[in-house]
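Trainee: Sending over a structure as structure tokens; questions will come in a sec.
The values are calculated or read from the model by the stated rules, or taken from the named source; none is laboratory data. The structure presented is a predicted model; accordingly, all values stated were derived computationally and were not measured. Cβ placement follows ideal geometry from the backbone for every residue including glycine, while neighbour counts extend to all protein chains displayed. Ligands, DNA and RNA are stripped out before the accessible areas are found, and what is left, the full protein with its side chains, is counted by its heavy atoms. Shrake-Rupley method; radii C 1.70, N 1.55, O 1.52, S 1.80 Å.
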Amino acid sequence: MYKHLFFDLDHTLWDFDRNSAECITELYDTFRLADLGIESAAEFSRQFVAINRQLWADFDKNLIEHTYIRKHRFPLVFRAMGVDESAVHADMNVEYLKLLPRKPHLLESAKELLDHLNGRYTMHIITNGFAEIQAVKMDSAEIAHYFTHVITSENANAKKPNPLVFQYAMEISGTNPSESLMIGDNYEADILGAKGVGLDTVFYNPQGQPVSDPPTYDIRHWKELMAIL
């Protein structure tokens, strides 16, 4: 039924939380944050994950730009922890962007899933992430070879859930909604966005988030998708 599969990357295949936590722990030691009064790398990571996730949600809603995320996430984390150390903010962000995409960890069974699908479907990535960062992530995780096209908000001039990004993805892939399936973890950006242009959808939903407008498939684990495709 399907010929083309469109995957989100972060939190869907690439384990953003694990990879980011490793980076934050390294930054905690490199920048000697304990000396600044931040008691643990775990607490620093917890604050970072919460703030970074909210910033990306705001980006998806067109409330902020990419540059705002890069400039403000570490200052916001420090402020949330009651620490004022503006001298290290910029350097920490540069180091974070250097370290993060080189982390190789995928979510459980993601590699097994890609091996299962490889050669049977034409696969692509649709991501709102930075193009240069996403490319390094895919190389580091050794998954770039599975995908024919990587569609980013930069080359599509639109970002999920905007219908234009999905239309652009289908156009350059030479497909149409009846032959295409969108797979992602973000209900609004991936699922509602794709449904808006007539694509069937797979909601990768490990936590069992309840939704009002159901996807075509709602799965908790990649092995469920292997049984479908």
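Trainee: Looking only at residues that are in a helix (DSSP H, G or I) and open to solvent by less than 40 Å² (accessible area, probe 1.4 Å) in the range 33-42, which one is nearest to Asp91 (Cα to Cα)? Step through it out loud before you land on a result.
Mentor: Here is the first cut: in the range 33-42, the residues in a helix (DSSP H, G or I) are 33-36, 41-42.
Next cut, open to solvent by less than 40 Å² (accessible area, probe 1.4 Å) only: 33, 41.
Values: Leu33: 13, Ala41: 17 Å.
Among those residues, the one meeting the criterion is Leu33.
Trainee: I would also like to ask the following. I need a count of the residues in the range 43-89 that are hydroxyl-bearing (Ser, Thr, Tyr) and closer than 22 Å to Pro161 by Cα.
Mentor: As a first pass, look at the range 43-89 and keep what is hydroxyl-bearing (Ser, Thr, Tyr): 45, 67-68, 86.
Okay, now just the ones that are also closer than 22 Å to Pro161 by Cα, so 67-68.
Counting residues in the range 43-89 that are hydroxyl-bearing (Ser, Thr, Tyr) and closer than 22 Å to Pro161 by Cα gives 2.
Trainee: A follow-up question, please. Which residue pairs have Cβ atoms closer than 7 Å, lie 6 or more positions apart in sequence or on different chains, and pair a first residue in the range 28-42 that is over 18 Å from Tyr96 (Cα atoms) with a second residue that is open to solvent by 40 Å² or more (accessible area, probe 1.4 Å)?
Mentor: Note: pairs meeting the criteria are Leu36/Glu85.
Trainee: Within the range 65-94, can you find the residues that are surrounded by fewer than 16 Cβ atoms within 10 Å (Cβ to Cβ) and assigned to a loop (DSSP other than H, G, I, E, B)?
Mentor: Glu65, Gly82, Val83, Asp84
Trainee: Next question, about the same structure. Please go through the range 179-201 and pick out each residue that is in contact (Cβ under 8 Å) with a residue 24 or more places away in the chain and more than 21 Å from Asp58 (Cα to Cα). Don't jump to the end; show me each part of the working.
Mentor: At the first step, the residues of the range 179-201 found to be in contact (Cβ under 8 Å) with a residue 24 or more places away in the chain are 179-194, 196-197, 199-200.
Within the range 179-201, Glu179, Ser180, Leu181, Met182, Ile183, Val197, Leu199, Asp200 qualify.
Trainee: Right, next: Can you tell me how many residues within the range 152-169 are closer than 14 Å to Ile125 by Cβ, in contact (Cβ under 8 Å) with a residue 40 or more places away in the chain and not charged (D, E, K, R)?
Mentor: Our first condition is that a residue be closer than 14 Å to Ile125 by Cβ; within the range 152-169, this holds for 152-156, 159-160, 165-166, 168-169.
With the extra rule that they be in contact (Cβ under 8 Å) with a residue 40 or more places away in the chain, the set shrinks to 159-160, 166, 169.
If we keep only those that are not charged (D, E, K, R) too, we end up with 166, 169.
Total meeting the criteria: 2.
Trainee: Here is a follow-up. Quick check, is Leu97 free of Cβ contacts under 8 Å to residues at least 40 places away in the same chain, surrounded by 15 or more Cβ atoms within 10 Å (Cβ to Cβ) and either on the phi < 0 side of the Ramachandran plot or of a type in the set (Phe, Trp, Tyr) (or both)? Let's see the steps before the verdict.
Mentor: Values: free of Cβ contacts under 8 Å to residues at least 40 places away in the same chain: yes; surrounded by 15 or more Cβ atoms within 10 Å (Cβ to Cβ): yes; either on the phi < 0 side of the Ramachandran plot or of a type in the set (Phe, Trp, Tyr) (or both): yes.
Taking the combined requirement at face value, the residue satisfies it.
Conditions (1) in contact with a strand residue (DSSP E or B) (Cβ under 7 Å, 6 or more places away or on another chain); (2) at pLDDT 90 or above; (3) within 20 Å of Ile69 (Cα to Cα), marked per residue:
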| residue | (1), (2), (3) |
| --- | --- |
| Asp8 | yes, yes, yes |
| Thr12 | yes, yes, no |
| Thr30 | no, yes, no |
| Glu39 | no, no, no |
| Ile51 | no, yes, yes |
| Ala57 | no, no, yes |
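Trainee: Let me ask something else. Within the bounds of the range 43-59, is there any residue that is open to solvent by 70 Å² or more (accessible area, probe 1.4 Å) and either outside any helix (DSSP H, G or I) or more than 20 Å from Asp10 (Cα to Cα) (or both)?
Mentor: Let us first name the residues in the range 43-59 that are open to solvent by 70 Å² or more (accessible area, probe 1.4 Å), namely 46, 53-54.
Among the residues that remain, those that are also either outside any helix (DSSP H, G or I) or more than 20 Å from Asp10 (Cα to Cα) (or both) are: none.
Taking every residue of the range 43-59 in turn, none turns out to be open to solvent by 70 Å² or more (accessible area, probe 1.4 Å) and either outside any helix (DSSP H, G or I) or more than 20 Å from Asp10 (Cα to Cα) (or both).
Trainee: Inside the range 119-229, counting only strands (runs of 3 or more DSSP E) that do not spill past its ends, which hold 3 or more residues that are buried (at least 18 other Cβ atoms within 10 Å of the Cβ) and at positive phi?
Mentor: Numbers: elements: 122-127, 147-152, 180-184, 200-204, 217-219.
Ranges flagged: none.
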